[in-house]
2 protein chains.
Amino acid sequence: MAGTDHRRRAPGGGPAIILVEPQLGENIGTAARAMMNCALDDLRLVRPRDGWPSDKAVAAASGADMVLNKARLYPTIAAATADLVHVFASTARDRGIVRREVTPRRAAIEMKSHIAAGEPCGVLFGPERTGLLNDDLTLADTVLTVPLNPGFSSLNLAQAVLIVGYEWYITGSEAPSETLHTGLSRPATKAELLNFFEHLEEELVRNGFLRNPESRPSMVRNLRSLFQRAHCTEQELRTLHGVVTAFAGPRQRSKDAGLG
Amino acid sequence: MAGTDHRRRAPGGGPAIILVEPQLGENIGTAARAMMNCALDDLRLVRPRDGWPSDKAVAAASGADMVLNKARLYPTIAAATADLVHVFASTARDRGIVRREVTPRRAAIEMKSHIAAGEPCGVLFGPERTGLLNDDLTLADTVLTVPLNPGFSSLNLAQAVLIVGYEWYITGSEAPSETLHTGLSRPATKAELLNFFEHLEEELVRNGFLRNPESRPSMVRNLRSLFQRAHCTEQELRTLHGVVTAFAGPRQRSKDAGLG
């Protein structure tokens with residue numbers, strides 16, 4: 001049974017996104033877009049209401065044709081999930097049945113680990129109006145619920161796929177949560193920063209701003225702390241030196257003219 | 001100035017969602033839905049292309065009317081962010097300018113902690129086609145980028161709002177991972193920061209530093225971006241005003257003496 005030999009799937013692929021009886025072609029297209037946003041490409045369709053292929057899906061997918069072209073059609077959820085080892089059922093509803101329920105984040109962590117172990121995963125999404133039926137849920141081992149405002153939790157199909165895909169995409173990625181982009185320049189060294197402080201403070205003594213010996217230490221501390229927090233680049237420090245020089249220049253000239 | 005007194009905002013509210021020149025009413029409506037999904041209710045609109053109120057927005061919001069009814073209209077980003085202390089700019093693009101960039105998850109953690117400290121936050125979203133301009137980014141202190149498939153990363157407006165809101169909604173109210181201690185002062189509002197920019201730039205035009213019209217826009221952007229990143233307090237801005245005034249004073253005198 002080739003269809004159930006899950007070892008045939010390319011390793012490292014993401015989970016299959018399985019749309020159960022989707023009603024509108026547009027929604028299949030926007031779901032394909034959301035998949036592509038998240039580098040997912042295994043789209044499976046169970047009895048799409050308006051048939052397949054769908055021009056409306058292609059139009060709505062604008063650019064995610066690759067996902068649509070690869071999409072496969074199945075007569076039942078059982079057939080669509082036959083080669084999978086772990087199946088999550090996405091639903092917003094409390095069905096009153098016994099099940100294991102996870103958040104998209106938890107599901108993403110589990111799927112990463114399953115897929116790394118060679119165990120293919122998939123996520124079921126129900127029809128737009130009704131969602132998955134209780135009988136559909138019995139074909140999944142885990143329920144996946146997006147934790148949202150309880151009074152207003154319904155998402156459209158593409159949004160639900162996007163949240164699941166987004167969590168999949170960012171889970172375990174090495175990407176830092178914070179980056180300082182410095183363009184063509186590089187972060188300034190502390191020596192360069194001190195050099196700027198000295199330039200600035202020298203001019204501030206000269207123009208009188210730091211003349212009061214009582215307030216001077218705290219003024220200097222405040223200014224230094226402010227520029228430390230900005231994490232300046234070397235280029236920005238050169239700009240700041242230029243600012244100070246531009247300000248100080250006329251002062252020098254005015255002093256020369258006896259006005260200082 | 002009631003408009004800049006951020007302590008007036010009700011505690012516990014979420015970040016403001018600021019749509020900059022949104023083109024289609026439908027997109028404002030679906031963004032409002034996404035906000036409601038995530039229990040956000042402070043929608044601000046800067047120059048919506050097709051006017052306001054919008055029947056198309058109401059139709060697309062289906063059920064999120066409450067968010068639309070409360071929406072406020074502003075002529076500029078500066079006006080829309082005047083009462084905020086922390087502003088994130090949502091953008092997918094690499095702009096080649098120096099900025100601090102965070103993921104939606106990191107932004108959510110930071111906003112939770114800022115808002116708990118009584119410091120209002122907001123997130124800017126650009127027009128559908130073009131996104132935010134570089135000049136718009138200088139009105140934010142941090143760039144927010146959703147880490148997605150680099151080859152296919154564009155999200156529609158409602159999806160971008162949903163991801164930011166989803167991370168906001170699920171981020172626990174655990175202890176903040178990062179705090180800025182501001183001593184006896186308070187964080188400056190964006191209106192106060194803009195006021196300093198204007199003072200600084202006026203004097204830099206006067207002393208010739210910004211005289212070259214070709215390099216001027218990027219010079220201004222670089223300086224603004226640097227001070228945005230520093231997250232100045234109100235007291236520090238007063239010190240900076242003093243610095244600029246101290247520098248500018250003699251220049252004025254030297255001009256009076258015919259040396260300018």
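The values are calculated or read from the model by the stated rules, or taken from the named source; none is laboratory data. None of the values given here were measured: they were computed from a predicted structure. Glycine also receives a Cβ, built like all others from the backbone with ideal geometry; neighbour counts cover every protein chain displayed. For the accessible areas, the whole protein counts, side chains as well, though only heavy atoms, and no ligand, DNA or RNA atoms are used. Shrake-Rupley method; radii C 1.70, N 1.55, O 1.52, S 1.80 Å.
A few comments on the model shown:
- Region A:182-225, residues that are open to solvent by less than 50 Å² (accessible area, probe 1.4 Å), outside any helix (DSSP H, G or I) and closer than 30 Å to B:Thr103 by Cβ: A:Thr182, A:Gly183, A:Ser185, A:Ala188
- B:Ala59 being outside any strand (DSSP E or B) and more than 17 Å from B:Gly126 (Cα to Cα): yes
- Whichever residue in region B:218-247 is small (Gly, Ala, Ser) and facing another protein chain (nearest Cβ under 7 Å) and, among such residues, is nearest to the chain's Cα centre (by Cα): B:Ala230
- Output for region B:34-77, where each listed residue is touching a Gly at 6+ places or on another chain (Cβ under 9 Å) and of a type in the set (Val, Ile, Thr): B:Val58
- Odd one out for B:Val67 among (1) in a loop (DSSP other than H, G, I, E, B); (2) open to solvent by less than 20 Å² (accessible area, probe 1.4 Å): (1)
- Inside region A:142-164, residues that are closer than 16 Å to A:Ala32 by Cβ and more than 7 Å from chain B (Cβ to nearest Cβ) make up a count of 6.
- Residue match in region A:165-184 (condition: over 30 Å from A:Arg44 (Cα atoms), more than 23 Å from the chain's Cα centre (by Cα), touching a residue at least 24 places away in the same chain (Cβ under 8 Å) and within 11 Å of chain B (Cβ to nearest Cβ)): yes
- The number of residues in region B:59-93 that are closer than 15 Å to B:Asp42 by Cα, under 10 Å from the mean Cα position of the chain (by Cα) and polar (S, T, N, Q) comes to 1.
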